[in-house]
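J.: Sharing a structure here in structure tokens format.
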């Protein structure tokens with residue numbers, strides 16, 4: 001059972017000039033019924049491109065953020081369905097208001113998620129048993145019985161700097177290792193739809209992986 005979760009779903013652009021400037025992005029988000037954050041607005045329009053940075057708007061528990069230096073437009077929240085809905089809004093704004101081509105102008109789409117998962121018998125024991133045969137070869141070197149404390153899953157043969165990559169870490173939550181797991185997820189793809197589909201399934205995937213490790 002997922003006790004707590006956080007999601008950050010980001011669109012990383014590769015345009016020559018990052019287009020989401022004030023007041024245009026504010027007006028676009030306002031049309032989508034977002035509450036604007038007045039503290040991120042520039043004090044004047046002295047420059048032709050007035051950039052905004054940080055958390056610029058929110059709606060239904062989701063926060064919209066901009067990072068101009070890295071050309072990132074993202075949505076964060078605790079409910080993946082609402083975060084996905086906000087990213088749909090960002091896609092619409094990008095195409096309709098800023099005339100971007102999502103295939104050409106986005107470098108990749110990335111999900112970062114964190115979970116606390118409970119309802120399991122004893123995560124620290126289950127984790128040790130899951131990799132027991134492999135870790136027993138370390139016992140003689142260490143002079144004591146050893147075991148795995150975490151599981152890390154990445155795509156075979158891929159490198160971490162790839163635009164198409166995932167990294168899933170699962171381990172007993174340090175403060176409650178006998179009852180809860182902690183999991184973190186990074187998933188990115190050049191294909192936006194691949195990332196969005198994975199994001200829509202990420203909760204069930206994490207629970208399935210933990211079920212394989214040791215048991216509910």
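Throughout, read-outs are computed from the coordinates displayed, never taken from laboratory work. None of these values were measured; they are calculated from a predicted model. Counting neighbours? That spans all protein chains shown, and the Cβs are built from the backbone with ideal geometry, glycine included.
J.: Can you tell me what the convex hull of the Cα atoms of the stretch 108-216 projects to on average, as an area in nm²?
T.: Mean projected area for the stretch 108-216: 7.8 nm², to one decimal.
J.: Using square roots of five times the C-alpha gyration tensor eigenvalues, list the equivalent-ellipsoid semi-axes of the chain in whole Å, biggest first.
T.: Rounded to whole Å, the semi-axes are 40, 18, 15.
J.: With 10 angstrom as the radius, rank 194, 22 by how many other C-beta atoms surround their C-beta, starting from the fewest.
T.: 194, 22
J.: OK, next. Given a Förster distance of 35 angstrom, what is the FRET efficiency for residue 82 paired with residue 138, based on the Cβ-Cβ distance and rounded to 0.05?
T.: Working from the Cβ atoms, E equals 0.20.
J.: Shifting gears a bit: Where the Cα atoms of the stretch 1-123 are projected onto their three principal axes, how long is each span, largest first, in whole Å?
T.: Principal extents (Cα only, largest first): 60, 32, 24 Å.
J.: Ok, one more. Where does each of 64, 210 land when they are ranked from fewest to most other beta-carbon atoms within 10 angstrom?
T.: The fewest-first ordering by Cβ neighbours comes to 210, 64.
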